[in-house]
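Data first, discussion second: the structure below is written as structure tokens.
The values are calculated or read from the model by the stated rules, or taken from the named source; none is laboratory data. Everything quoted here is computed from the prediction, not taken from an experiment. Cβ placement follows ideal geometry from the backbone for every residue including glycine, while neighbour counts extend to all protein chains displayed.
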Amino acid sequence: MKCAMTLPPDSKPDDHDAEDEVEASRAPLMDHLLELRTRIIWALVAIAIAFAICFAFALPIYDLLLKPFSVAAELVSNQTGTTIVPRLIFTGPMEFFFVKVKLALFGALILAFPFIAFQVYRFVAPGLYRNEKGAFLPFMVASPALFVLGASFVYFVMMPMVMRFSLMQEQAPDSARIAIELLPRVSEYLSLITALILAFGFSFQLPVVLTLMGRVGLVSAAGLRKGRKFAIVGILAFAAFFTPPDVISQVILGIPVLLLYEISIFSVALIERKRDEEDEEDEEDEV
């Protein structure tokens, strides 16, 4: 004869199951938080090391950033026939020191970016399938490469043009006019070139962002083609905001970004074509 086990009237069989379920979900969450903390600590350590290196070489780095100013001064000197010596000033006792600190931090973020991106990948990689990891890695390579391309565009094209435009505003002294000379502050020059580098570097990420959005189905090639006119307006507004007030500079920035937009459309179209082929293969296998 089997004896039936009775439960207390105030207890329910599902209570223990619910508690076990909460504990089971809490454990992976804590593991993820600990993993995230570890990755953040490693990223901060990398930034600190890169900051120390960049601060030790702050003056050579700043001299390197001044090269576009020297190129622009030489171009204007050849054009006007007058010798222009580029000069910068600082008006506060600690201004140039803090400029070097900002420059070191800016350089540290760029120098440590590949390591930071690797830490991000290591954090999200366990949640990805093997094919998703293979699809994610090309974007990890393309993103810093496009950022460097945008920064190089600023350094070799935009900054010489901006400084040349500024130097052309100078006024030589004579009996009827007072001399007007460009004497930018060291902090203003650093703010200008870093702002342009960041603006161009991030704008050159357009193919990466749109392609990733295309992979997850947030955008389509047809939608991007339909929104091309709005994209052109947005690109021109972006170029007008981050370049000197002349049409040539705006066109020089707008054309590369517009080409990147067209490349993004082509890339999203390739992804959609590959996805359709995979769907057709799956349907044939089911049949």
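Summary table
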| item | result |
| --- | --- |
| Of all residues in the range 136-179 being touching a Gly at 6+ places or on another chain (Cβ under 7 Å) and among the hydrophobic types (A, V, I, L, M, F, W, C), the one that is surrounded by the most Cβ atoms within 10 Å (Cβ to Cβ) | Phe147 |
| Among (1) surrounded by 13 or more Cβ atoms within 10 Å (Cβ to Cβ); (2) at pLDDT 90 or above - the single one Phe230 does not satisfy | (1) |
| Positions within the range 66-100 being surrounded by 14 or more Cβ atoms within 10 Å (Cβ to Cβ), of a type in the set (A, V, I, L, M) and either assigned to a loop (DSSP other than H, G, I, E, B) or modelled with pLDDT of 95 or more (or both), in sequence order | Leu66, Ile84, Leu88, Val99 |
| Candidate set: the range 54-77, residues that are in contact (Cβ under 8 Å) with a residue 60 or more places away in the chain and of a type in the set (A, V, I, L, M, F, W, C); chosen: the one nearest to Lys102 (Cα to Cα) | Leu65 |
| Boolean, Phe165 is touching an Asp or Glu at 6+ places or on another chain (Cβ under 8 Å), in a helix (DSSP H, G or I), among the hydrophobic types (A, V, I, L, M, F, W, C) and farther than 30 Å from Ile263 by Cα | yes |
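A quick yes/no check of all residues on (1) surrounded by fewer than 19 Cβ atoms within 10 Å (Cβ to Cβ); (2) of a type outside the set (Asp, Glu); (3) modelled with pLDDT of 85 or more:
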position	(1), (2), (3)
Arg185	yes, yes, yes
Ile197	no, yes, yes
Ser203	no, yes, yes
Leu210	no, yes, yes
Val216	yes, yes, no
Lys226	yes, yes, yes
Ala269	yes, yes, yes
